[in-house]
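First the structure, in the form of structure tokens, and then the observations on it.
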Amino acid sequence: MSTAADTALQSGDDPQAPLGRVLQPGLDLSHRAILYLEDISVSFDGFKALDKLGLTIDAGELRCIIGPNGAGKTTMMDVITGKTRPDAGRVFFGQTIDLTRLSEAEIAHAGIGRKFQKPTVFEQHTVFENLELAMKADKRVRKAVFARLGSAEHDRIADTLRLIRLADTADRIAGLLSHGQKQWLEIGMLLMQEPKLLLLDEPVAGMTDEETERTAELCNTLAGRHSLVVVEHDMDFVSRIARKVTVLHEGSVLAEGPMDTVQNDPRVIEVYLGR
Ligand code: ADP
Ligand code: MG
């Protein structure tokens, strides 16, 4: 079945910018932006959760989004993934794909992977099997679940296991993993589907200091290879991974820039850091 996303993906021009591995066939990144939100507004019973929000994420960028509770961070993720429809504004994936016209499933199929706060792995399966199932769930490589893996597929799983630091626990039942390990496994499952843009909502919530440190290393490894948007409260974590930070407040951008600049912005201190 051909979807609107397929049609939109096929219509993209060849990307121009020299971005190496982050370039994606079918996605028009000729202006470097992989995600572009323009004047997005969302109201819940008259309350403006997002108020003319504008945001541009470049291909290969790792962007951290911070802001006090109720700032609109989760609503923004919901708009990008099609869970919530904006009352006004536009969301572009690359130059040509208008996400507000696609269903949640079409958006996922177009290459946007989202990790929710609570890990959702297949608890009764092994770590390896979880990655295998995630790979086979990818529509482009859909196969019978019982089909034997080829060596290239084996290698991909092994690479991902190393990346998420679960190579030693490949045969462990996922339900027995620590909270942090489950979070990494879920990131690995998203990576098996080769998303063009990865959205992580509070990836280190509930993690130990050591797990948080390892997650920062993982994010730093992914940066440049993938485009990542990370919503997070843990400022120590953010300062370890952030190149550029966007501060949301009352549904729009309060400040944006390098972490040390944003951290010393009096408006940010007032609404967020000083609380
Ligand atoms: P954040 O993730 O930054 O904490 P949210 O995006 O969850 O903020 O929420 C922004 C505002 O919108 C909050 O005031 C929240 O209460 C409100 N809100 C979010 N979702 C809904 C909803 N489905 N119905 C009503 N109000 C909502
Ligand atoms: Mg939230």
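Please report the spacing between the Cα centers of the stretch 70-141 and the stretch 197-275 in Å, no decimals. Spelled out, the Cα-based centre of one part sits 20 Å from the other. Tally Lys and Arg at +1 and Asp and Glu at -1 over the other residues with C-beta under 11 Å from the C-beta of residue 248: what net charge comes out? With Lys, Arg at +1 and Asp, Glu at -1, the net is -2.
Each Lys or Arg adds one and each Asp or Glu subtracts one; over the other residues with Cβ under 14 Å from the Cβ of residue 167, this totals +1.
In sequence order, the stretch 214-228 has phi-based couplings of 5, 5, 4, 4, 4, 4, 5, 5, 6, 4, x, 7, 10, 9, 10 Hz under the Karplus curve 6.51 cos²θ - 1.76 cosθ + 1.60, θ = phi - 60°, and Gly or Pro positions carry x.
Dipole check for the stretch 4-273: with +1 at the C-beta of Lys and Arg, -1 at the C-beta of Asp and Glu, and the Cα centre as origin, the magnitude is about 640 Debye. For the stretch 188-200, putting each phi into the Karplus relation 6.51 cos²θ - 1.76 cosθ + 1.60 with θ = phi - 60° gives couplings of x, 5, 5, 5, 4, 8, 6, x, 7, 9, 10, 10, 10 Hz, in residue order, rounded to whole numbers and with x for Gly and Pro.
Sequentially through the stretch 179-185, phi angles give Karplus couplings (6.51, -1.76, 1.60; θ = phi - 60°) of 4, x, 5, 5, 4, 5, 4 Hz, Gly and Pro residues having no value and appearing as x. Antiparallel beta bridges, as assigned by DSSP with both residues in the chain, represent about 55 percent of the total such bridges. The chymotrypsin sites (Phe, Trp or Tyr not before Pro) of the stretch 101-204 that DSSP puts in a loop, and whose beta carbon has at most 10 other beta carbons within 10 Å, are 146. Cα-based radius of gyration for the stretch 4-273, normalised by 2.2 N^0.38 Å, reads 1.00.
Amide H to amide H, with H built 1.01 Å from N, residue 248 comes under 5 Å of 66, 67, 254, counting only residues 5 or more places away or on other chains. For residue 202, the residues whose amide H sits under 5 Å from its own are 231, 232, ignoring neighbours fewer than 5 places away on the same chain, with H placed 1.01 Å from N. Rounded to the nearest 500, the 222 nm mean residue ellipticity of the chain from helices alone is -9000 deg cm²/dmol, with -39,500 (n - 2.57) taken per DSSP H run of at least 4 residues.
Values quoted throughout were computed directly from the atomic coordinates according to the rules given, and no laboratory measurement underlies them. Computed from a predicted model, the values in this text were never measured in an experiment. Counting neighbours? That spans all protein chains shown, and the Cβs are built from the backbone with ideal geometry, glycine included.
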